[in-house]
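Here's the structure we're looking at; comments come further down.
The values are calculated or read from the model by the stated rules, or taken from the named source; none is laboratory data. Note that the structure is predicted; figures quoted are calculated from it, not measured. Quick reminder, even Gly has a Cβ in these numbers, built from the backbone with ideal geometry, and neighbours come from all protein chains shown. Areas reflect the complete protein model, heavy atoms only, side chains present, ligands, DNA and RNA absent. Shrake-Rupley method; radii C 1.70, N 1.55, O 1.52, S 1.80 Å.
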Amino acid sequence: MATEKKVTAIKNTPRHLLGIQNLSVLEAKEILTEAKSFIKLNRGSSKKLDVLRGKTQINLFFEPSTRTQSSFDLAGKRLGADVMTMNMGNSALKKGETLIDTAMTLNAMHPDIIVIRHQDSGAPNLLSQKVNCTVINAGDGRREHPTQALLDALTIINRKGNIEGLKIAICGDILHSRVARSNIYLMNMLGAEVNVIAPKTLMPKGIDSLGVKSFTDVKKGLDGCDIVMMLRLQNERMQGSFLPSKREYYEFFGLTPEKLKFAKKDALLMHPGPMNRGVEIDTKLADDINVSLVKEQVELGVAVRMACLKLYCK
Ligand code: NCD
């Protein structure tokens with residue numbers, strides 16, 4: 001388990017949420033506690049608060065996104081912020097503008113929060129050095145996706161009561177996955193044991209130094225696990241051939257009801273989405289409400305993003 005850093009309220013210190021790696025246990029727990037308070041609100045008929053009234057939130061998405069983008073959009077609106085979402089495929093970037101020029105342009109309009117998703121690892125960190133407002137990382141390259149890990153943690157806590165003492169398997173394209181990295185940091189920090197499972201070609205070298213056990217055999221990796229997180233093959237980040245074929249990948253690594261039996265009897269299944277049915281996951285299993293937490297992850301994602309926006313925006 002990671003050691004606890006100095007105790008500080010989020011509001012007074014880091015104004016940016018750039019990753020789980022530089023978060024303290026207390027900060028993570030503060031976000032999760034705050035998020036819990038929004039679950040009920042989001043299920044009610046009146047969902048609007050004025051916590052961020054008068055604040056401007058810009059969602060800057062340089063990569064495609066369905067869940068994360070809509071979740072940040074709704075989260076900001078439910079807290080009363082003025083939210084503008086920019087899909088950067090249509091921006092001046094196409095005309096050759098750099099990330100920094102874009103940041104300076106937006107900064108001149110006095111936003112209070114910028115939520116950024118970018119294909120380059122470290123882009124949110126760079127942005128945070130150039131603007132005056134809060135920066136929240138919505139996924140950068142293969143580095144981190146902190147709000148995804150936080151919503152995964154909240155989903156597990158909601159079902160299992162706690163994360164401490166659980167055994168969690170993360171299975172699939174670990175090499176290219178920012179979700180895997182953020183979850184490894186967070187689940188370890190909250191006291192879980194983490195197994196990572198992948199074919200050799202999709203397993204990062206030295207991954208064990210992050211405090212996980214690595215497996216290329218699904219049966220061994222799933223043994224005794226309470227939670228099984230499946231990951232998509234991140235084809236957009238692959239240069240060259242990492243796998244013989246998708247069919248073969250499914251046979252050895254795709255989660256089927258038969259393979260899930262290697263985990264604990266009451267094991268639950270998670271997936272950050274988008275799912276590739278028949279590649280990393282059996283389609284019936286993905287929809288099986290007795291084991292799949294996929295919809296709950298999406299639901300609680302809004303609550304987690306509301307908590308992050310509220311706690312990080314001064
Ligand atoms: C993930 C991402 O973008 O990193 N998706 C998400 O945010 N829900 C995982 C993925 O793209 O496979």
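Filtered by the rule that a residue be touching a Ser or Thr at 6+ places or on another chain (Cβ under 9 Å), at pLDDT 95 or above and open to solvent by 10 Å² or more (accessible area, probe 1.4 Å), segment 286-314 gives Glu296, Val298, Glu299, Val302. In the set Arg237, Arg232, Arg159, only one residue is touching a residue at least 60 places away in the same chain (Cβ under 8 Å), of a type in the set (Lys, Arg) and buried (at least 19 other Cβ atoms within 10 Å of the Cβ); that residue is Arg232. Every condition in (1) buried (at least 22 other Cβ atoms within 10 Å of the Cβ); (2) at pLDDT 95 or above; (3) in a helix (DSSP H, G or I) is met by Glu34 except one, and the failing one is (1).
Put simply, of Gly172, Gly141 the only residue that is touching a residue at least 40 places away in the same chain (Cβ under 8 Å), within 16 Å of the ligand (Cβ to nearest atom) and surrounded by fewer than 20 Cβ atoms within 10 Å (Cβ to Cβ) is Gly141.
Residues of segment 202-229 that are surrounded by fewer than 24 Cβ atoms within 10 Å (Cβ to Cβ) and in a strand (DSSP E or B): Lys213, Ser214, Phe215. When Lys220, Lys200, Lys213 are checked against the criterion of being farther than 27 Å from Gln21 by Cβ and either away from the ligand (no atom under 16 Å from the Cβ) or modelled with pLDDT of 95 or more (or both), a single residue qualifies: Lys220.
Among the residues of segment 97-124, the ones that are among the polar types (S, T, N, Q) and crowded, with 18+ Cβ neighbours inside 10 Å come to 1 in all. Say we look at segment 125-138 and pick out the residues that are of a type in the set (A, V, I, L, M) and open to solvent by 10 Å² or more (accessible area, probe 1.4 Å); which of these is farthest from the ligand (Cβ to nearest atom)? Among those that are of a type in the set (A, V, I, L, M) and open to solvent by 10 Å² or more (accessible area, probe 1.4 Å), it is Val131. Within segment 167-201, the residues that satisfy the criterion of being more than 16 Å from the chain's Cα centre (by Cα) and assigned to a loop (DSSP other than H, G, I, E, B) are Gly191, Ala192, Ala198, Pro199. When the test is whether a residue is of a type in the set (Lys, Arg), within 15 Å of the ligand (Cβ to nearest atom) and either crowded, with 20+ Cβ neighbours inside 10 Å or in contact (Cβ under 8 Å) with a residue 12 or more places away in the chain (or both), Arg277 does not pass it.
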